[in-house]
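Report on the structure given below.
The values are calculated or read from the model by the stated rules, or taken from the named source; none is laboratory data. The structure presented is a predicted model; accordingly, all values stated were derived computationally and were not measured. Every residue, glycine among them, receives a Cβ derived from its backbone with ideal geometry; neighbour counts consider all protein chains shown. Remember, those area values only see protein heavy atoms, side chains included, never the ligands or the DNA or RNA. Shrake-Rupley method; radii C 1.70, N 1.55, O 1.52, S 1.80 Å.
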Amino acid sequence: MDSEHWRAVVTAAQAGDRRALDELVAGWLPLVYNIVGRALNGHADVDDVVQETMLRAVGNLGSLRDPDSFRSWLVAIAMRQIRDRARRKTPDRLEEAPASDFADLTVLRLQLEGQRREVAEAVRWLDDEDRQLLSLWWLEVAGELTRRELAAAVGITRQHAAVRVQRLKERLETSRGIVRALDGACPGLRELTGRWDGRPDSVWRKRLARHIRGCGYCGGTRETVVPAERLLAGIALVPLPVGFTLSLAFGGKTAVAATSAGWSAKLLGALTKPAVAVTAGATIVAGGAYVVTQPPDAPPPRAAIAPTATATSEPPRTSAPPAPTPRSSPSAAKKTDPYGTVVDAVDRAPDPDTPPAALPRRPESGITSTGGPKAVMQHRGDRVTLTGRGYVLVRWQISPGSRPGALVMPSWTGLKGRLFHVASGGSRRMDDPLPGAPNGYATGMGGPGIGYAVLPPGTQQMWQNEYFYLDGTVTLTQNERGCDYGLTVFPTNRDAVVEDIGQGPPQGAIRYGLVRDTGTDSAPVPQYVTRETPADPATVPQRSRV
């Protein structure tokens with residue numbers, strides 16, 4: 001950031017300039033949000049710590065003698081609030097799970113793939129102290145902080161900081177190896193993790209690292225491992241979630257209490273001045289309430305985004321009317337057996353603010369998967385066989401920047417029993433605009449800077465998370481040819497589906513999810529499904545034949 005510009009902004013804000021104060025908050029809030037979010041890995045306390053950090057920064061702005069040191073001063077305040085929060089934690093809160101896992105948030109909002117995704121997910125395996133340091137080192141290698149500022153924020157010398165960072169890098173590489181191994185199919189690792197509840201901790205990190213060191217399958221890598229600092233350097237700040245609210249109106253203090261706490265009269269006047277200013281995609285309204293209405297750098301609303309010239313499918317849309325009622329394909333089963341109704345039409349996205357319908361209850365005894373609790377399929381021919389009665393999540397990641405163009409859809413083969421497409425979620429459709437998207441992306445299907453992933457004609461647009469209900473057995477095969485994509489398959493349950501699709505714009509999602517299940521055998525069947533077992537699963541017709 002331009003140091004001269006921010007020196008002038010800080011000086012003006014100290015003098016009581018409301019516009020300067022607005023710009024200061026809008027400009028530096030994303031940095032604080034990323035530091036706190038990564039340090040606490042998306043814990044429910046993130047918003048509170050961010051709020052307290054900015055409150056203290058604004059309240060004590062008059063005491064800052066050197067405007068040039070504002071960034072290091074602000075980062076030091078954030079780290080003190082993080083450490084204070086750790087000291088205040090009671091034993092019953094130590095086991096609380098994150099409200100919104102920041103690793104998943106980073107992967108989702110920045111559309112990370114490959115080894116960058118691996119680094120983001122490895123953060124889950126670090127201890128609290130390492131995550132705090134990583135939140136700063138990540139920004140250092142990305143050019144947002146200097147080593148001097150990192151050391152000052154942690155309260156150590158630059159020499160000690162170098163030692164701490166080196167140890168952190170070693171533990172991060174160990175954690176990356178664990179993420180890589182869990183994405184694989186090692187039978188020994190699958191047996192070892194049979195007793196694991198899926199929550200990363202130091203005990204399981206040591207167990208898994210010990211297994212990896214002695215395992216030829218897990219220890220070997222199929223690609224060159226890029227150093228973490230080179231990967232982190234290319235990762236931008238995670239945008240603030242839509243609807244994020246920051247209240248600087250005394251933080252619950254009365255004007256008298258705020259004055260006694262050291263708030264200057266000029267700052268009090270600025271915060272209570274009846275004004276509305278729009279800055280950096282956010283709105284600061286009278287009384288100091290800061291509400292993100294559109295994340296920074298979000299693409300402007302457009303009626304449609306055209307794919308590449310070779311596209312034959314319908315172009316991605318930013319919004320559209322609610323989805324039509326699923327229709328029966330010409331190949332639907334006899335009227336006496338309604339099972340076979342299928343969504344073979346290209347449907348439109350529902351209004352972003354429309355909550356999903358109630359998801360019907362279906363019997364659940366659980367799903368077993370040949371890929372374990374998390375099957376990652378990134379290459380053509382990868383497959384997983386699912387058996388049982390319950391729900392399955394298929395998560396999409398597309399990388400049109402690697403190989404833009406035609407996308408060959410995955411297929412469901414060897415179906416025995418019944419398979420329904422019950423819901424879509426993950427906070428967005430893959431053709432939704434991505435706020436703050438990097439490297440030429442505009443949507444999850446690509447963008448004008450890198451090209452688009454193009455669906456076959458008549459194929460239904462997928463969402464980030466697609467949910468299915470299985471009563472029987474079926475094999476899902478990744479048929480990648482042309483555009484690069486990956487699927488992650490998780491056995492799940494109805495409660496998790498309901499929680500996902502119920503996350504909407506008020507919680508920072510692009511849109512609410514969509515329920516497709518009718519609760520009967522006339523619920524839609526996924527496209528590209530067959531009871532046959534063809535030699536090449538990629539030849540399964542788009543119009544489902546069950």
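Per the 1.4 Å probe, what fraction of the accessible area of region 445-541, in percent, lies on carbon and sulfur atoms? Let's see the in-between values first.
Values: 1570 of 3070 Å².
Carbon-and-sulfur percentage of accessible area, whole number: 51.
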List the residues, sorted by chain then number, that are 5 or more residues from residue 529 or on another chain and whose placed amide H is less than 5 Å from its amide H. 412, 544, 545
Calculate, for region 8-91, the solvent-accessible area per residue in square angstrom, rolling a 1.4 angstrom probe over the heavy atoms of the protein chains. 36 Å²
Portion, in percent, of the accessible area of region 394-436 that falls on carbon or sulfur, probe 1.4 Å: 56 percent
Calculated FRET efficiency for the pair residue 217/residue 348, C-beta based, R₀ 30 Å, to 0.05: 0.10
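Evaluate E = 1/(1 + (r/R0)^6) for residue 520 and residue 65, where r is the Cβ-Cβ distance and R0 equals 56 Å; express this FRET efficiency to the nearest 0.05.
Numbers: r = 71 Å, r/R0 = 1.26.
Working from the Cβ atoms, E equals 0.20.
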Could you list the trypsin sites (Lys or Arg not before Pro) in region 1-69 that lie in coil according to DSSP, counting only those with at most 12 other Cβ atoms within 10 Å of their Cβ? 65
Given R₀ = 56 Å, FRET efficiency for residue 357-residue 129 by Cβ-Cβ distance, to 0.05? 0.80
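Over region 344-461, give the accessible area per residue in Å² for a 1.4 Å probe, as an integer. Provide the component values of the computation, followed by the final result.
Working: 4260 Å² over 118 residues.
Roughly 36 Å² per residue, with all protein chains present.
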If the chain between residue 370 and residue 142 were fully stretched, how many nm would it gain, using 0.36 nm times the residue separation less the Cα-Cα distance? 78.2 nm
